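Participant: First, the structure itself, so that you have it in front of you.
No lab work stands behind these numbers, since they all come straight from the coordinates. Remember, it's a predicted structure, so these values are computed and weren't measured experimentally. Cβ coordinates were reconstructed from backbone atoms using ideal geometry, including for glycine residues, and neighbour counts include every protein chain displayed.
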Amino acid sequence: MITFPFFESCFNFPLLKQNKSMLGTISAPTWFATCNPNHRISFPGKSPNPAISFRKAHSFLLLSLYCPQRDYVARTHFYLKASSSSSSVGSAEYAEEPATSVKFQTSLRLPGCSSSLSLLGTGYREKVFAIIGVKVYAAGLYVNQSVLNTLNAWKGLSAGEIQDNPDLFSSIFQATLEKSLQIILVRDVDGKTFWDALDNAISPRIKAPTSVDESALSTFRSIFQGRPLKKGTFIFLTWLDPLKMLISVSSNGIPSGVDATIESANVTSALFDVFLGDAPVSPSLKASVANGLATILK
């Protein structure tokens, strides 16, 4: 589980908008989301990023920090259709993550990928400060649609059965086709803090790190050390195959290049497990992906 160090500082709490229907037409097959969020505590805030809608911010001094594991039942459903509902900004189609109101493109092309990737599910990462749940980022999983052709053995399973099936998620990871996790920050985070939290989740999953693993982690660390990550920053973790992944960070929309290449089977698999393993740091993301797969694999 990712944990953040204690901060003796004030945090801005965003107002989480009520979910609303998104209208538009998608001319090519893709996924979109319809949502039914649970009631939640929220505070007003504002973001300059068009993907995030907030209002005026208030700050609170938080005196303690802990992060219990939470059960979450996703209510975001994804469908593969030729015409569907979604929001449209310019020529791009978007699906909204309900808990944060962050919008994700339903299809995108990333540096280093051979084809466009389609959104399969969304979720969020939440920390609990004192008794208040604070959302740190929203996340969306994108896949090369050919990945679905490797999952025929699991056709007809329910979302719950898919979510509890490690072999299915292992098959997604092992496919030599691109998968990408997009993280969109919903608050300012120091780069070192972000890396320390990620490293605290990755390292325990690597039982006997090799020199290759240590080198990969050092490269990974260098991307974030001394780098302020503002609210609205995009971080892409893109698996090209089980041995190689690309890291891209952008404060101005979809990145145009790659910040680093990681080549370590242990590091790439550990990172995938952090988000889609048996104890994911974002249960809502894995549940949403399971719902999407259940619908597609009917």
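Participant: For a 30 Å ceiling on Cα separation, which of these pairs sit above it: Lys127/Lys155; Lys207/Lys230; Lys207/Lys231; Lys207/Lys244; Lys231/Lys298; Lys135/Lys155? Walk me through the intermediate numbers first.
Facilitator: On the way: Lys127/Lys155 35 Å; Lys207/Lys230 33 Å; Lys207/Lys231 34 Å; Lys207/Lys244 19 Å; Lys231/Lys298 38 Å; Lys135/Lys155 34 Å.
From the list (Lys127/Lys155; Lys207/Lys230; Lys207/Lys231; Lys207/Lys244; Lys231/Lys298; Lys135/Lys155), the Cα-Cα distance tops 30 Å for Lys127/Lys155; Lys207/Lys230; Lys207/Lys231; Lys231/Lys298; Lys135/Lys155.
Participant: Need the full-extension length gain, Ala279 to Asp241, defined as separation in residues times 0.36 nm minus the C-alpha distance. One decimal, nm. Can you show the working numbers first?
Facilitator: Values: separation 38, 0.36 × 38 = 13.68 nm, distance 2.24 nm.
Roughly 11.4 nm would be gained on extension.
Participant: Go ahead and collect, in residue order, the members of the stretch 168-203 whose backbone nitrogen is under 15 Å from a label point 7 Å along the Cα-Cβ direction of Ser115.
Facilitator: 175-180
Participant: Which order do the peptides 221-231, 119-129, 101-111 take when ranked by the mean count of other beta-carbon atoms within 10 Å per residue, highest first? Intermediate results must be reported in sequence, preceding the final value.
Facilitator: Working: 221-231: 16.1, 119-129: 23.9, 101-111: 20.8.
Going from most to least packed, we get 119-129, 101-111, 221-231.
Participant: Could I ask something else about it? Give me, ordered by chain and number, the residues 5 or more places off Arg227 or on other chains with an amide H under 5 Å from its own placed amide H.
Facilitator: The list, which skips near neighbours in sequence, is Gly191, Lys192.
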